[in-house]
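Here is the structure we will look at, set down as structure tokens.
The values are calculated or read from the model by the stated rules, or taken from the named source; none is laboratory data. Being a predicted model, the structure only gives us computed values, none of them experimental. Backbone-built Cβ (ideal geometry, glycine too); neighbour counts: all protein chains shown. Ligands, DNA and RNA are excluded from the accessible area calculation, which covers all protein heavy atoms including side chains. Shrake-Rupley method; radii C 1.70, N 1.55, O 1.52, S 1.80 Å.
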Amino acid sequence: MSYDAVVIVAGPAGCAAARLLAGAGWRIALVEKVAFPRRKVCGEFISATTGPVLEACGVADAFAAAAGPLVTRVGAYAGEVMLEAPGEKAWGRALGREHLDLMLRDAAVAAGAELFQPAAVTALRREAGAFICTLEDGGEIAARVVIAACGSWNPKGVFAVSSDAAPSELFAFKAHFSNSALPVGLMPLLAFPGGYGGLVHSDAGRTSLSCCIRRDALAKARARHGGKAAEAVLAHIMATTRGVREALGGAVLDGGFLSTGPIHPGIRARHADGIFFTGNIAGEAHPVIAEGISMAIQSSGLLARLLIAGRGQDYAQQWQRRFALRIRAASLFAHLAMNDVTRAASLGLLRAAPNLMGLGARLSGKVPISV
């Protein structure tokens with residue numbers, strides 16, 4: 001079977017690329033190893049900046065109808081401090097990945113992409129000017145372009161991302177809660193000893209808690225609170241963060257915790273040996289800025305536009321211009337949040353100048369709409 005492009009993994013980045021290229025008449029193979037729907041460790045927030053790509057993919061209206069309430073205020077919860085930025089803006093909305101991934105995948109298929117699911121690429125080679133992808137069932141897919149959208153949390157496979165264990169490694173956790181007391185429209189950053197996270201109202205009345213914690217802080221939390229890792233992390237956040245206690249103290253855990261890691265923030269190859277990388281495998285920001293899915297979708301929008309125009313060679317440079325600052329800003333914000341001294345100093349500054357929270361959101365790539 002021969003295609004113009006094979007897109008490996010049908011997450012938001014892969015499906016956006018597949019949808020846009022298929023809509024332009026490209027013959028697309030979309031390969032995904034896991035059956036849908038699926039839950040994923042993810043902050044779920046999609047910034048308003050991503051709206052044009054969702055519109056181009058034909059899912060903007062469906063997304064708005066299914067997602068949680070509009071986020072109109074950003075804030076920060078740390079220790080006993082609870083801050084909100086002044087004024088209201090339309091920052092974006094949140095939608096669970098079990099819904100978002102399905103929505104984007106179906107849009108890609110409706111545009112003409114051929115779906116291979118569940119299926120996985122086990123080998124990749126070049127032959128006679130084309131890429132040959134071998135699937136786990138022994139089948140082969142030939143394509144002139146390969147788009148790797150397989151994320152950065154894969155420890156094995158054709159595009160595995162590996163790292164050496166270190167105390168500073170970050171592990172990610174995520175859960176939904178019902179009946180939370182989080183004010184509607186507010187998305188606070190959580191800064192706690194050894195980690196950071198966020199709260200946001202998602203779909204179906206659920207509140208999403210997502211967080212990252214250092215390996216060494218996780219070990220201390222488990223020693224102090226006992227239980228499974230996720231239970232210890234939640235206890236650690238509740239014990240150290242007043243805003244989370246108030247928001248989730250009377251809430252009910254909905255569906256249990258998910259976990260993954262270690263995560264690999266940083267900038268990696270975007271184009272190498274004729275293969276294009278998009279989403280987190282190309283570059284991953286610390287989740288502290290809640291821009292992971294938005295950046296993934298936006299990077300695929302950029303890649304698709306350039307490939308359609310015959311300018312794929314410009315992708316790496318344009319990606320750098322558009323996303324590198326966000327990744328560097330996220331790294332700074334993450335380190336400020338996790339360190340006791342810098343966290344306290346940052347909170348003092350935010351108390352004195354709460355408008356800085358809005359500035360930080362803009363540095364992370366969010367462009368709000370007035371409400």
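Considering only protein heavy atoms, what per residue accessible area in square angstrom results for region 271-347 with a 1.4 angstrom probe? Could the numbers behind the result be given before it?
Values: 3020 Å² over 77 residues.
Counting only protein heavy atoms, the per-residue value for region 271-347 is 39 Å².
Mind checking the alpha-carbon convex hull of the chain and giving the volume per residue in Å³?
Measuring per residue, one finds 128 Å³ for the Cα hull of the chain.
Pop out the ³J(HN,Hα) list for region 107-118 in order, Karplus 6.51 cos²θ - 1.76 cosθ + 1.60 with θ = phi - 60°, rounded to Hz; leave Gly and Pro as x.
Values per residue, Gly and Pro as x: 5, 5, 5, 4, 7, x, 5, 9, 9, 10, 7, x Hz.
Can you give me the pair-distance distribution of region 1-146, C-alpha pairs, 10 Å bins, whole percents?
Going out from 0 Å in 10 Å bins, region 1-146 shows 11, 34, 28, 16, 8, 3, 0 percent.
Rank Gly92, Gly129, Gly312 by mean-square fluctuation in a GNM of the chain with C-alpha springs under 10 angstrom and give only the top-ranked residue.
Judging by the Gaussian network model, the answer is Gly129.
Two decimals is fine: what is log10 I(q)/I(0) at q = 0.12, 0.14, 0.23 Å⁻¹ for region 72-164, from a Debye sum with one equal scatterer on every Cα and no solvent?
Treating every Cα as an identical point scatterer, log10 I(q)/I(0) equals -0.66, -0.78, -1.29.
Kindly provide the helix-only [θ] at 222 nm of the chain, computed as the sum of -39,500 (n - 2.57) over DSSP H runs of four or more divided by all residues, to the nearest 500 deg cm²/dmol?
Computed ellipticity for the chain at 222 nm equals -11000 deg cm²/dmol.
Just to be sure I understand: if I project the alpha-carbon convex hull of region 232-368 onto a plane and average over all orientations, what area do I get in nm²? Write out the running numbers ahead of the final one.
On the way: hull surface 43.8 nm².
With the hull built on Cα positions only, its mean projection is 11.0 nm².
Provide the solvent-accessible area of Leu359, counting protein heavy atoms only and rolling a 1.4 Å probe, rounded to the nearest 10 Å².
Its accessible surface works out to 90 Å², give or take rounding.
Which of the peptides 226-234, 13-21 is most tightly packed, and how do the rest follow, judged by the mean count of other Cβ atoms within 10 Å per residue?
Ranking the peptides 226-234, 13-21 by packing returns 13-21, 226-234.
Calculate, axis by axis, the spread of Cα positions in region 21-67 along the three principal axes, and write the results as whole Å, longest axis first.
Principal axes ranked by extent give 30, 27, 17 Å for the Cα atoms.
For region 1-129, report the accessible area per residue in Å² (1.4 Å probe, heavy atoms, rounded to an integer).
37 Å²
Can you give me the % of accessible surface on region 15-143 that is carbon or sulfur? Probe 1.4 Å, all protein chains present, nothing else counted.
Roughly 53 percent of what the probe reaches on region 15-143 is carbon or sulfur.
Hey, can you grab everything whose amide H is under 5 Å from the amide H of Leu189? Only 5+ residues off in sequence or another chain; H modelled, so Pro and N-termini drop out.
Result for Leu189 returns Gly75, Ala76, Tyr77.
Using the 2.2 N^0.38 Å rule of thumb for compact globular proteins, work out how region 248-300 stacks up: its C-alpha Rg over that value, please.
The reported ratio for this selection is 1.54.
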